[in-house]
Amino acid sequence: MKNNAQDKDLLQFEEWLNSFLNFEKLPQKNMFWLDTMQHYCSLLGNVQNNCPSVHVAGSKGKGSVCAMISSILEEAGYKTGLYTSPHIITFLERISRNQKLLSKKVYKKSAVQLKECVQNELNSASQKEHRPITWFELVTLYAFLCFKNAKMDWAVYETGLGGRLDATNIINPKVCCIGPIELEHTEFLGDTVEKIAAEKAGIIKPDTPVFVQAQEKDSVRKVFIDRAKELNAPIYFVDEVCKSSIKYTSSHSFKQKSFMEVEIRSEFFKRPLKTTLRFTGDVQVNNAALAALAVKSILPDIDEKIIEKGLARASLPGRFELSRPPKKFKNCLSIIYDGAHTFNSISLTMQTVRELFADKIITLLFACAKDKDVNSIVPLFKNRVEKAFVTIPGLVKQSDLQKVEQAFVENKIEYSADSDFKAQIVNALTFASQTKSILLVTGSFYLVSEAKKLLNKNPGNPL
């Protein structure tokens, strides 16, 4: 009964959170500044400083880097809070101990503290001085409280959008990490990669080391160098301080745990790091190097074996995640869940598919948000996908199914389209089972979420 009561409390808390503006679901301009976070953190005793932290920003790969850093710190014996987005099934996935949910007691206690603080403030006269708090800000505050109540030794925070004005940017990290920069969210972050880089550079703190991935343009590197110089922050570019190599391992089913053998060499390490990664794609060896360098900078005496083990155990849901299909569809070789939703990320996904499953038939389940460049994305599936099952990414994100269909027609890829995403998930899985192929679910984290919820084993699941 106690657990059921706590489950009900957490559901009610989630409903309360959902009553606030959720930028992820309803984007709006001019909604970013740190005053609100600073105000609420002061009311909560500056809870953001409850333990030392690591801050990670970038256009892509930041979730993987966070997961790797968290895994290394855990392997070193530290209780490590991990704050990432998006979530796949429940928003609690965003706030974890190295991707394992915290105790319900911690979640409940933190929810009570947050609601009490916010409701008291909403009822106060001073509230008129601040703009309304948003969903992401509330969830970030909730993460701070959860990590404090769980007595974490370290916390790793992924930025939500940008960096300079992101809700997470009130922490005082021991090290900052920045991934590759590309054009994204241009209506909010700027219409050039240099402007976007300036927003990401906003997480750099005075006298705090910052590690940056290789960048395509020297002008972007200069943005980071100039900002680091202003703040007297030591800056290191991964491609300058690291050399690495990669070798793919064969994989034929969801049972495979590791996909790549990597070696990372740097003067930061006493010897070359040699390990295997569950992550896939050439870019992930760079992410591993970034994570390893960041941890080595804050824990200079950490043993290289611990770094190797931490990297080997790191994973992230919905990022080339292999899963066993339901028994009813046992002839489907396996399901790949991958939330890739940009041209670059889906290019990497398809590259990995070719590397690991060169001799396998691929069935595609695809959906994307309305703002995605489907005319560039869909050609990536040519000559590799047996048949595509096209749908919408659930009911949260707006989509243009007709536009997606047209892209498949123009690229002469056999497809079936249906706006009933639940039916289309089953249709795709049925076809994958009949053809003894691999089902690739990609294009949207929302589609991945809907597929995983439908196919998740539970007593009420007809599959």
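The values are calculated or read from the model by the stated rules, or taken from the named source; none is laboratory data. Just so we're clear, the structure is a prediction, and the values are computed from it rather than from any experiment. In this analysis, Cβ positions are derived from the backbone assuming ideal geometry, glycine residues included, and neighbour counts consider all displayed protein chains. Please note that ligands, DNA and RNA were not included when accessible areas were found on the heavy atoms of the full protein model with its side chains. Shrake-Rupley method; radii C 1.70, N 1.55, O 1.52, S 1.80 Å.
Normalised by 2.2 N^0.38 Å, where N counts its residues, the alpha-carbon radius of gyration of region 275-336 equals 1.49.
Neighbours of Y40, meaning other residues whose beta-carbon lies under 11 angstrom from its beta-carbon, give a summed charge of -3 when Lys and Arg score +1 and Asp and Glu score -1. Calculated over region 344-463, the projected area of the Cα convex hull averaged across directions stands at 7.3 nm². Peptides 369-377, 132-140, ordered by how many other C-beta atoms sit within 10 Å of their residues on average, highest first, read 132-140, 369-377. Taking each of K309/K453; K60/K195; K148/K200; K330/K452; K79/K274; K195/K397 in turn, the alpha-carbon distance tops 21 angstrom for K309/K453; K148/K200; K79/K274; K195/K397.
The alpha carbon gyration tensor of region 331-391 gives principal lengths a ≥ b ≥ c with a/c of 1.5 or higher and a/b greater than b/c, which makes the shape prolate. In terms of the mean number of neighbouring beta-carbon atoms within 10 Å, the peptides 65-71, 380-386 order highest first as 65-71, 380-386. For the listed peptides 154-166, 35-47, a ranking on the average number of other beta carbons within 10 Å per residue, highest first, reads 154-166, 35-47. Heavy atoms of the protein chains alone define the surface here; on that basis the chain has 44 Å² accessible area per residue at 1.4 Å probe size.
Pair-distance distribution of region 95-160: all C-alpha pairs, bin width 5 Å, starting at 0; shares per bin in whole percent are 3, 16, 26, 21, 17, 10, 6, 2.
With only the Cα atoms considered, region 165-317 has a convex hull volume of 133 Å³ per residue. The HN-Hα couplings worked out from phi for region 339-347 by the Karplus form 6.51 cos²θ - 1.76 cosθ + 1.60 (θ = phi - 60°) are x, 3, 9, 10, 4, 5, 5, 6, 4 Hz, whole numbers, x standing for Gly and Pro.
Under the convention that each Lys and Arg Cβ holds +1 and each Asp and Glu Cβ holds -1, the size of the dipole of the chain around its Cα centre is about 1580 debye.
Across region 333-437, Cα pairs under 8 Å and at least six residues apart give a relative contact order of 31 percent. Between the residues S96, G163, P173, the greatest Cα displacement towards the positive end of the dipole of region 86-226, with unit charges on the Cβ of Lys, Arg, Asp and Glu, is found for S96.
For L365, the amide hydrogen comes within under 5 Å of the amide hydrogens of F389, L440, V441, T442, counting only partners 5 or more places away or on other chains and with H modelled in the peptide plane. Normalised by the number of residues in the chain, the mean separation of alpha-carbon contacts (under 8 Å, six or more apart) gives a relative contact order of 15 percent. Around the amide H of M260, modelled in the peptide plane, lie the amide H atoms of T249, L277, all under 5 Å away and 5 or more residues distant in sequence or on another chain. Distance from the Cα centroid of region 154-172 to that of region 375-417 is 34 Å (rounded to whole angstrom). A Cα-only calculation for region 68-207 places Rg and Dmax at 16.5, 48 Å.
For the chain, the calculated P(r) over all alpha carbon pairs, in 10 Å bins from 0 to the bin holding the longest distance, is 4, 20, 29, 28, 15, 3, 0 percent. From zero up to wherever the largest Cα-Cα distance of region 228-370 sits, split into 5 Å bins and tell me the percent of pairs in each. Histogram of Cα-Cα distances, whole percents per bin: 2, 8, 17, 19, 16, 13, 11, 7, 4, 2, 1, 0, 0.
With coordinates expressed along the principal axes, the C-alpha atoms belonging to region 57-148 extend over 47, 33, 24 Å, beginning with the largest.
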